[in-house]
Amino acid sequence: MDRNLIAEYRAFLDNGKTERECVNQIIAAAEAKGFRNISTISKASAGDKLYYVRNGKSIALFTVGSGKAENGMNILGAHIDSPRLDIKMKPLYESDGLVYLDTVYYGGIKKYQWVTLPLALHGIVAKKDGSVIRVEIGEDDENTLCISDILPHIAQEQMKKTASEFIPGEDLDIIVGLSGEESEEKDAAKNAILRILSEKYDIEEDDFFSAELEAVPAGKSKSMGLDNSMILAYGQDDRVCAFASLSAFLEAEAGERTLCCILVDKEEIGSCGNTGMDSMFFENAASELLDKTEGYDGLKLRRMLRNSYMLSSDVNSAFDPLNQGLYDKKNSSFLGRGVVFNRYTGGRGKSSASEANAEFIAKLRKAMDDNGVKYQAAEMSKVDVGGGGTIAKYSAYYGMEVIDCGVAVLSMHAPWEITAASDVKSAYSCYKAFLAL
């Protein structure tokens, strides 16, 4: 086990709790390896290392190969957004002496998991004068935030409700202040919080409208298990695959085929928006690359995308021994048994699935075996239990060969998720072998 890789991974998680924080780390790591922003150059040739960024939340990186662009690329693609609570546009209010921030949940969560948990705010506030203020509140002991819950002694009615009902989404409001006593001043406690925000961050109440603030679990990643075999951390879906993809990519040298690593936003809510995979982001990035290497040509671009290979680097559900009835055990992924290939994603009858072709899978099997990569083939759950999608189908749209390939995660979408340290290394080795195809 390469302990340095795991230490770097945990640092990536600790310093990247939002998409913007991840992209900032990615740019720093890439520039240290000689990558340049593609917008700063007029011409590129074989061996050049370039990146393309959209809104500071999605990034595509390229190492230019020596062959023709229309022969295709080897692409690693992952997402860097994770389930969380977003702060609403008009969030701050006072109720009976307590001051709250109103939230809306982002992505698929179990709402009850987010109460009585130390929370932190990460993000940015864009001011009308064009300045942008970086915000991080709650990672230290002095400013940690929290959502309250009812004590069990009086929760009889609450406990009769289903898990999806007993914490309504509108009740996931974060406590950020307390007056401590009655006041004749209207919203005295709220105004006190506004003064703190103004003094510390130069934030006014109206600035929340042009802010991107995310509530995430406070605290750093942890080594888990008496044998230190696992990692407990927020955001491992899908930053574990993003990190492993980036690490493998930054160490790889291109041969004839151009190498690409694309790390995108918004997967957890359907890959929408101008930073999601269901947008022109990737096509625009590839068009810029083609323009700088061989000159833009629409047909040549389509051929380049069609002839590409891609690993949609996304996590898979790990088999849970305490809930065995949800899984087809022989087609499940297990912690510690290597990187996971999922031939088809989607739900139930392969709904909205991207299914990899047999010939492509055979090519990958050979590459994995030739390089001694530990891997497993699995699906998410029993057929009728449910399912989930990834960015694979948006890449398949271009006609390229693509398959989901990532790390098994236990407690996926919980505030704290579990992975096996050895699987992070397997994913890294897998991605290196793929880039060499």
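See the values below:
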quantity: Residue check, G108 assigned to a loop (DSSP other than H, G, I, E, B) and either more than 16 Å from the chain's Cα centre (by Cα) or outside the structural domain of S210 (by TED's automatic domain parsing) (or both); calculated: no
quantity: Inter-residue pairs, beta-carbon under 7 Å, first assigned by TED's automatic domain parsing to the domain that holds R10 and farther than 14 Å from C260 by Cα and in region 423-437, second among the β-branched types (V, I, T) and surrounded by 24 or more Cβ atoms within 10 Å (Cβ to Cβ), 6+ apart; calculated: D423/V339; D423/V407; V424/V240; V424/V407; S426/V339; A427/V339; A427/V407; C430/V339
quantity: In region 86-104, residue nearest to K266 (Cα to Cα) [restricted to those that are of a type in the set (S, T, Y) and crowded, with 16+ Cβ neighbours inside 10 Å]; calculated: T103
quantity: Residue match in region 386-394 (condition: in contact (Cβ under 8 Å) with a residue 12 or more places away in the chain, over 21 Å from S245 (Cα atoms) and touching an Asp or Glu at 6+ places or on another chain (Cβ under 6 Å)); calculated: no
quantity: Yes/no for S148 being within 20 Å of P83 (Cα to Cα), exposed (fewer than 14 other Cβ atoms within 10 Å of the Cβ) and at pLDDT 95 or above; calculated: yes
quantity: Residue match in region 75-97 (condition: modelled with pLDDT under 95 and at positive phi); calculated: yes
quantity: Restricting region 387-421 to residues that are under 17 Å from N323 (Cα atoms) and not aliphatic (A, V, I, L, M), the residue that is modelled with the lowest pLDDT; calculated: G387
quantity: Which listed residue is closer than 30 Å to I231 by Cα, among the charged types (D, E, K, R), in contact with a Phe, Trp or Tyr (Cβ under 8 Å, 6 or more places away or on another chain) and in a strand (DSSP E or B), from D102, D86; calculated: D86
quantity: Unmet requirement for Q158, which otherwise passes all of (1) modelled with pLDDT of 95 or more; (2) more than 29 Å from S271 (Cα to Cα); (3) surrounded by 13 or more Cβ atoms within 10 Å (Cβ to Cβ); (4) of a type outside the set (G, A, S); calculated: (1)
quantity: Output for region 395-422, where each listed residue is in contact (Cβ under 8 Å) with a residue 60 or more places away in the chain, more than 20 Å from G235 (Cβ to Cβ) and of a type in the set (A, V, I, L, M); calculated: M400, V402, I403
quantity: Top-ranked residue of region 175-203 - restricted to ones that are closer than 23 Å to K127 by Cβ and among the aliphatic types (A, V, I, L, M), ranked as surrounded by the most Cβ atoms within 10 Å (Cβ to Cβ); calculated: V176
quantity: Residue list for region 171-187, filter: touching a residue at least 40 places away in the same chain (Cβ under 8 Å) and over 30 Å from the mean Cα position of the chain (by Cα); calculated: G177, L178, S179, G180, E181, E182, D187
quantity: Hey, I361 among the β-branched types (V, I, T), within 16 Å of D404 (Cβ to Cβ) and touching a Leu at 6+ places or on another chain (Cβ under 8 Å) or not; calculated: no
quantity: Region 284-311 - residue that is touching a residue at least 40 places away in the same chain (Cβ under 8 Å) and charged (D, E, K, R) and, of those, surrounded by the most Cβ atoms within 10 Å (Cβ to Cβ); calculated: K292
quantity: Options L259, L301: the member that is over 17 Å from the mean Cα position of the chain (by Cα), in the same structural domain as S317 (by TED's automatic domain parsing) and in a strand (DSSP E or B); calculated: L259
quantity: Number of the condition not met by I361 [criteria: (1) at pLDDT below 95; (2) farther than 14 Å from S313 by Cβ; (3) hydrophobic (A, V, I, L, M, F, W, C)]; calculated: (1)
quantity: Residue in region 50-57 that is surrounded by fewer than 17 Cβ atoms within 10 Å (Cβ to Cβ), among the hydroxyl-bearing types (S, T, Y), part of a strand (DSSP E or B) and in contact with a helix residue (DSSP H, G or I) (Cβ under 7 Å, 6 or more places away or on another chain) present; calculated: no
quantity: Residue list for region 1-41, filter: of a type in the set (G, A, S) and in a strand (DSSP E or B); calculated: none
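Condition check ((1) more than 30 Å from L299 (Cβ to Cβ); (2) among the β-branched types (V, I, T); (3) in contact with a Lys or Arg (Cβ under 6 Å, 6 or more places away or on another chain)) across all residues:
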residue	(1), (2), (3)
D370	yes, no, no
G386	yes, no, no
V402	no, yes, no
A408	yes, no, no
T419	yes, yes, no
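Here is a yes/no grid of residues against (1) among the polar types (S, T, N, Q); (2) in a helix (DSSP H, G or I); (3) buried (at least 16 other Cβ atoms within 10 Å of the Cβ):
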site: A215; (1), (2), (3): no, no, yes
site: K220; (1), (2), (3): no, no, no
site: S223; (1), (2), (3): yes, no, no
site: L232; (1), (2), (3): no, no, yes
site: D237; (1), (2), (3): no, yes, yes
site: C241; (1), (2), (3): no, yes, yes
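So that you can scan it fast, the table gives a plain yes or no per residue for (1) in a helix (DSSP H, G or I); (2) more than 23 Å from the chain's Cα centre (by Cα):
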| position | (1), (2) |
| --- | --- |
| D141 | no, yes |
| K161 | no, yes |
| I167 | no, yes |
| N191 | yes, yes |
| K200 | yes, yes |
| D206 | yes, yes |
| F209 | yes, yes |
| E212 | no, no |
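The values are calculated or read from the model by the stated rules, or taken from the named source; none is laboratory data. Remember, predicted model here, so these are calculated numbers, not experimental data. Because the Cβ atoms are built from the backbone with ideal geometry, glycine has one as well, and the counts that use them run over all protein chains shown.
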